[in-house]
Amino acid sequence: MKENCSEKQRCKWCNLANPLYVRYHDQEWGVPSHDDRALFELLILEFFQAGLSWETILNKRENFRRAFDQFDPERVRNYDETKKAVLMEDKSIIRNRRKIDAAVINAEVFLKIQREWGTFADYIWHFTDGKVIYENDRTSSPLSDQIAKDLKKRGMKFIGTTIVYSYLQAAGILNSHEEGCFLYQSGKS
């Protein structure tokens, strides 16, 4: 039996007319991720989203996966000018040269962090001692400020506190489901 999207109350931003968006809201957003491939994918998608809506990126997600070799950081870091030119011609993704260049640079930084920490997940989760933070109605925080500063210091490009905050929400490090949403949790026991 197909579930009627309107039966459950969701965060106000979730476009109930878009099944991809509803599935993302219900099954991914705010769910803690410790998978480095998924974390790399979200990182790339988050900075491609800058200046656009997340729904736009989500609707192109499969195209991004194809274009960026399933978000394999080893492959992405090796993209040369020829591959970047191919990406700039791909009308199924966001064609922004600065963001494509940033993806290549950030893949290298991501891999360096993996080598240093064992996994990128260990690195990103250490900022909260492995705990989920419950907060909403924000676009940045001292946590996202701290992580953005550290990632920039390590050489990441096209990264800032707002992008990092959205990333932390997507990766489930922050649970920001709104009060009234069926997935809302206050974090209080």
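Dipole check for the chain: with +1 at the C-beta of Lys and Arg, -1 at the C-beta of Asp and Glu, and the Cα centre as origin, the magnitude is about 480 Debye.
Tell me what the chain gives for mean residue ellipticity at 222 nm when only DSSP H runs of n ≥ 4 count, each as -39,500 (n - 2.57), the sum divided by the residue total, rounded to 500 deg cm²/dmol.
-15500 deg cm²/dmol
The convex hull of the Cα atoms of the chain, projected and averaged over all directions, covers 11.5 nm².
List the longest stretch of the chain that has no exposed loop site; here a site is one of the GluC sites (Glu not before Pro) assigned by DSSP to anything other than H, G, I, E or B, with at most 16 other Cβ within 10 Å.
With a cap of 16 other Cβ atoms within 10 Å, the longest stretch comes to 29-134.
Which links in 83/152; 91/157; 112/152; 60/83; 12/91; 60/153 stretch past 21 Å when you go from one Cα to the other? As for pairs spanning more than 21 Å Cα to Cα, those are 83/152; 91/157; 12/91; 60/153.
When you count the other C-beta atoms within 10 angstrom of each residue and take the mean per peptide, 159-168, 96-105 line up highest first as 159-168, 96-105. On the accessible surface of the chain, probed at 1.4 Å, how many percent belong to carbon and sulfur atoms? For the chain, the apolar C and S fraction of the accessible surface comes to 48 percent.
Remark: the residue 82-residue 119 segment gains 10.3 nm on full extension, using 0.36 nm per residue and subtracting the alpha carbon distance.
Across the range 36-52, rounded Karplus estimates of 3J(HN,Hα) from the backbone phi angles (6.51 cos²θ - 1.76 cosθ + 1.60, θ = phi - 60°) give 4, 5, 5, 5, 5, 4, 4, 4, 5, 5, 5, 7, 5, 6, 3, x, 10 Hz, Gly and Pro being marked x. For the range 104-189, the Kirkwood estimate of the hydrodynamic radius, built from every pair of different alpha carbons, is 13.7 Å. For the Cα atoms of the chain, what angle does the longest principal axis make with the long axis of helix 161-170, in degrees from 0 to 90, nearest 10? So the inclination is approximately 60 degrees.
Here each label is just a point 7 Å from Cα along the line to Cβ, and for residue 112 and residue 127 those points are 1.7 nm apart.
Listed values for the range 71-81 are Karplus-derived 3J(HN,Hα) couplings in whole Hz (6.51 cos²θ - 1.76 cosθ + 1.60, θ = phi - 60°), namely 6, 7, x, 4, 6, 4, 5, 9, 4, 9, 4, and x replaces Gly and Pro. Accessible surface for the chain, divided over its residues, is 52 Å² per residue with a 1.4 Å probe. Close amide H contacts of residue 133 (hydrogens built in the peptide plane, cut-off under 5 Å, sequence separation of 5 or more or a different chain): 174, 175. Pairs of C-alpha atoms in the range 12-112 farther apart than 21 Å represent 33 percent of all such pairs.
The values are calculated or read from the model by the stated rules, or taken from the named source; none is laboratory data. Worth saying up front: this structure is predicted, and the values here are computed from it rather than measured. Ideal geometry is used to build each Cβ from the backbone, glycine not excepted, and the neighbour counts take in all protein chains shown. These accessible areas exclude ligands, DNA and RNA; they are computed on the full protein's heavy atoms, side chains included. Shrake-Rupley method; radii C 1.70, N 1.55, O 1.52, S 1.80 Å.
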